[in-house]
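The values are calculated or read from the model by the stated rules, or taken from the named source; none is laboratory data. As the structure is a prediction and not an experimental result, all values here were calculated from the model. Cβ coordinates were reconstructed from backbone atoms using ideal geometry, including for glycine residues, and neighbour counts include every protein chain displayed.
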Amino acid sequence: MTDRATTTTTTVSVRARGGDGRLPGAWALGLRRGALEIRQFFRQRDQVVFTFSFPVVFLFLFASIFHDDVQGSGVTASQLYVPAMMASGIMSTSFQSLGISIAVERDEKALRRLRGTPMPAAAYFLGKIWLVLFTGVLETAILLAVGTTLYDVPLPTSAARWLDFAWIFVLGLTGCALLGIAISSVPRSAKSASSVVVLPFLVLQFISGVYISVDSVPGWMLDLGALFPLKWLCQGLRGVFLPDSAKVLEQAGDWEFGRIALVLAAWCVGGLALCLLTFRWKTRRDG
Amino acid sequence: MIGVMTAHGYELAVDVRGLRKRYGDVTAVDGIDLGIRRGEVFGLLGPNGAGKSTTVEILQGNRSRDAGEVSVLGADPATGTRAWRSRVGIVWQDESAPAELTVRETVRHFAHYYPRPRDPEQVIGLVGLEAKADSRIKSLSGGQRRRLDVALGVIGDPELLLLDEPTTGFDPAARRRFWDLIRLLADEGTTILLTTHYLEEAEALADRLAILAGGRVVAEGEPQALRDRFGTGAAVEWTEPDGTARTEHTETPTRTVAGLMRRFDGEIPGLRVSRPTLEDVYLRLTGQETVR
């Protein structure tokens, strides 16, 4: 008797329902997913420490080893490494971390589970963009703090330069993030994900002027690098944080802000199309 | 809400005709017909590799099919819209939920995906995870994770719940608790399709069941009716005066017993007359019958 009474009460009470009866919008769900992604990210201590310290350690190593004046440019090698490592940090928080983490989520079948709910795909992608915006801003702020205090990189003084910084950051980060979502479909399993993602990222850093200054990288390598967003992200950040006298180091002898905007915007659009066309919710062996 | 009415007046939640699916040279599903009525618990029973999971994945909209017509809640799952997905709950076979989040955070978050979700706190209570509500998912035991899977499957208040081998790896007590949960959901009117290779589970839960073997339905009906239809005959066991145990399989057990009564004076030692169990029927139909 008691059992029966309890069951009946539960049956009635679990029917309580929320919601307004309409399917929630992708934008609002994207915000919720973003908040959840950020919370999950910061609960994984190793990942947080690794992600944020990697570019800082590299900046410290390169900028401390190479610190001479660069001929006729009015800047030191250390100063060149500050925007370079900021660009690298933006790409590692977006391209590298998404490329690996989404491959892992797919392998663990967390994506398949989401696909079984009415959550729109756009909300998932938006959530990832919010996550990388958040971590990217933090990473960039840390590198900027180190660069200005240790290596005498001046902060921009004009509002126009800060504005340039803002759009270069957002376009570069978004483009790299979409490229990261796209490459996450390449690895066959979570185990191979980091190799598949890290190798192209390493190569790009060599041919885009991150580790080696653009005036030392062979022209054909730079041309290859110019097909991807990292080279333009580096160039834009040099334009923001270095004096105009350093333009002499550039391939074109100029910062080329217009072309940077064009290439990065093209990567945002093309990367989105690539994601929508190639994104898999299941691994290959799940069919 | 538009369903298919059968000739017998049942409204079908799931209607499958001539379903086929091949993986390379292997035919996983070889022409299956299924009709699952609204509000019933339907068991899909069969050994590993019989095509159960493939069938359920096609019904979920997570796998393509090679041939056949499939209607789930009036729509083709292959082209299921968001609105359709909000009416179908899925409990996966081997699933991972976000390890770093707590049970409460996850259930609350999933509720936001649906137009008319159940109350997250009550769903956590329904699956018996109140005590673990603030624990990270990575700290849950296997059974607790499965209960979380069920919570995420029902949070959207689905009309149809698809469960693929939900109790694999459960201890007997956890399985009983899980059965109670399924019965509770069924009492509320949820149509439930569950696959299992545990016969007692199908018998305990299912209003009707289909037995699959080699990608085909070899029997379908109420458990009792299946037993009556396929489990003909009986086994009569007794002990001879010299102590040897005898068993005779017969269509006419009463006649056998009458014969024994004439031979023995009084009690027949060790007499036992047994009808085939559903398990015997199942093993025979799926070609796994053991030699007795």
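Can you confirm whether region A:71-82 contains a residue that is within 14 Å of chain B (Cβ to nearest Cβ), of a type in the set (A, V, I, L, M) and crowded, with 21+ Cβ neighbours inside 10 Å? Scanning region A:71-82 turns up no residue that is within 14 Å of chain B (Cβ to nearest Cβ), of a type in the set (A, V, I, L, M) and crowded, with 21+ Cβ neighbours inside 10 Å. Picking from residues in region A:1-50 that are touching an Asp or Glu at 6+ places or on another chain (Cβ under 9 Å) and of a type in the set (S, T, N, Q), the one that is modelled with the highest pLDDT is A:40.
Being exposed (fewer than 14 other Cβ atoms within 10 Å of the Cβ) and basic (Lys, Arg) is a condition met by no residue of region A:30-44.
Filtered by the rule that a residue be within 24 Å of residue A:127 (Cβ to Cβ) and either within 12 Å of chain A (Cβ to nearest Cβ) or within 28 Å of the chain's Cα centre (by Cα) (or both), region B:128-148 gives B:136, B:137, B:138, B:140, B:145, B:148.
Name the residue that is modelled with the highest pLDDT, counting only residues in region B:53-109 that are facing another protein chain (nearest Cβ under 9 Å), buried (at least 17 other Cβ atoms within 10 Å of the Cβ) and more than 30 Å from residue B:133 (Cβ to Cβ). This residue is B:84. When B:46, B:24, B:39, B:18 are screened for being buried (at least 22 other Cβ atoms within 10 Å of the Cβ) and either on the phi > 0 side of the Ramachandran plot or more than 13 Å from every other protein chain (Cβ to nearest Cβ) (or both), only B:46 passes. As a summary of the residue check, residue A:142 satisfies the conditions (1) touching a Leu at 6+ places or on another chain (Cβ under 9 Å); (2) within 17 Å of residue A:88 (Cβ to Cβ) except for the one numbered (1).
Of all residues in region B:78-101, those being without any contact (Cβ under 8 Å) to a residue 40 or more places away in the chain and in contact with a helix residue (DSSP H, G or I) (Cβ under 7 Å, 6 or more places away or on another chain) number 5.
Residues in region B:160-180 that are touching a Leu at 6+ places or on another chain (Cβ under 7 Å) and surrounded by 18 or more Cβ atoms within 10 Å (Cβ to Cβ): B:160, B:161, B:162, B:163, B:166.
Per this entry, residue B:131 is counted among residues that are surrounded by fewer than 18 Cβ atoms within 10 Å (Cβ to Cβ) and of a type in the set (A, V, I, L, M, F, W, C). Scanning region A:105-123 for residues that are among the hydrophobic types (A, V, I, L, M, F, W, C), in contact with a Phe, Trp or Tyr (Cβ under 9 Å, 6 or more places away or on another chain) and either facing another protein chain (nearest Cβ under 9 Å) or farther than 17 Å from residue A:181 by Cβ (or both) returns A:114, A:119, A:123. If you check A:110, A:87 for being under 22 Å from residue A:126 (Cα atoms) and crowded, with 24+ Cβ neighbours inside 10 Å, only one passes: A:87. Taking the listed residues A:272, A:237, A:227, the one that is away from chain B (no Cβ under 14 Å) and within 26 Å of residue A:124 (Cα to Cα) is A:272, with no other qualifying.
Within region A:51-79, the set of residues being modelled with pLDDT under 90 and of a type in the set (Phe, Trp, Tyr) comprises A:52, A:54, A:66. Assess whether residue B:125 counts as being facing another protein chain (nearest Cβ under 10 Å), crowded, with 19+ Cβ neighbours inside 10 Å and modelled with pLDDT under 95. For residue B:125, the condition - facing another protein chain (nearest Cβ under 10 Å), crowded, with 19+ Cβ neighbours inside 10 Å and modelled with pLDDT under 95 - is not met.
Just so you know, in region B:266-292 the residues that are modelled with pLDDT of 80 or more and loosely packed, with under 10 Cβ neighbours inside 10 Å include one that is nearest to residue B:210 (Cα to Cα), and it is B:267. The number of residues in region A:106-153 being assigned to a helix (DSSP H, G or I), closer than 30 Å to residue B:157 by Cβ and free of Cβ contacts under 8 Å to residues at least 12 places away in the same chain comes to 2. Does region B:185-196 hold any residues that are crowded, with 17+ Cβ neighbours inside 10 Å and either more than 14 Å from the chain's Cα centre (by Cα) or within 12 Å of residue B:45 (Cα to Cα) (or both), and which are they? The answer is B:185, B:190, B:193, B:194, B:195, B:196.
Rundown of residues vs (1) at pLDDT below 90; (2) of a type in the set (A, V, I, L, M); (3) under 18 Å from residue B:51 (Cα atoms); (4) touching a Pro at 6+ places or on another chain (Cβ under 7 Å), yes/no style:
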position: B:158; (1), (2), (3), (4): no, no, no, no
position: B:161; (1), (2), (3), (4): no, yes, no, no
position: B:187; (1), (2), (3), (4): no, no, no, no
position: B:216; (1), (2), (3), (4): no, no, yes, no
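Restricting A:259, A:188, A:280 to those that are basic (Lys, Arg), within 21 Å of the chain's Cα centre (by Cα) and within 30 Å of residue B:62 (Cα to Cα) reduces the list to A:280.
Where strands (runs of 3 or more DSSP E) fall wholly inside region B:182-245, the ranges with 2 or more residues that are among the hydroxyl-bearing types (Ser, Thr, Tyr) are B:191-196.
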